[in-house]
Amino acid sequence: MDNERIVELFSGLGPVSIRRLFGGKGIYFDGVIIAIVLRGELLLKADEQSAPDFEAEGCKQWAYTGKHHGKLVAMPYWSIPDSAFDDPDEMTVWARRAYEAGRRAGK
């Protein structure tokens, strides 16, 4: 996903900055990380308060198997409902949830 498309997707929230992160990209709004692009997939930040919203929409949480311990590690990033990619108003709602989760995390 190129930076121009990322800026377009988050335009309803406001101007975002994009930085390299995890071999992908970190997306920040107002100094708070709200999303990542990893292996071409855009994932939004969530927490215990907002994760149920993502889960209810059939979104998937990013998880990986740890190299040293072989256990599944769940990360606080979730896929986005497909419909949000084509609806700027819906994407703004999800982006705001991600921003709020980022603020609650203090990062």
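What the table shows:
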| read-out | value |
| --- | --- |
| Length released on extending from residue 96 to residue 4, taking residue separation times 0.36 nm less the Cα-Cα span | 31.2 nm |
| Structure-derived semi-axes √(5λ) of the Cα gyration tensor in Å: which label, when the choices are (i) 29, 16, 11; (ii) 21, 16, 14; (iii) 18, 17, 11 | (ii) |
| Estimated [θ] at 222 nm from DSSP helical runs (n ≥ 4, -39500 (n - 2.57)) normalised by residues in the chain, nearest 500 | -8500 deg cm²/dmol |
| Isotropic mean projected area of the C-alpha convex hull, region 1-61 (nm²) | 4.5 |
| Förster radius 41 Å - calculated FRET efficiency between residue 68 and residue 48 (Cβ-Cβ, nearest 0.05) | 0.95 |
| Surface share of carbon and sulfur [accessible, 1.4 angstrom probe, percent] for region 1-104 | 48 |
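The values are calculated or read from the model by the stated rules, or taken from the named source; none is laboratory data. Here the structure is a predicted model, which means the values were calculated and not measured. Backbone-built Cβ (ideal geometry, glycine too); neighbour counts: all protein chains shown. SASA here: full protein model, heavy atoms, side chains in, ligands and nucleic acids out. Shrake-Rupley method; radii C 1.70, N 1.55, O 1.52, S 1.80 Å.
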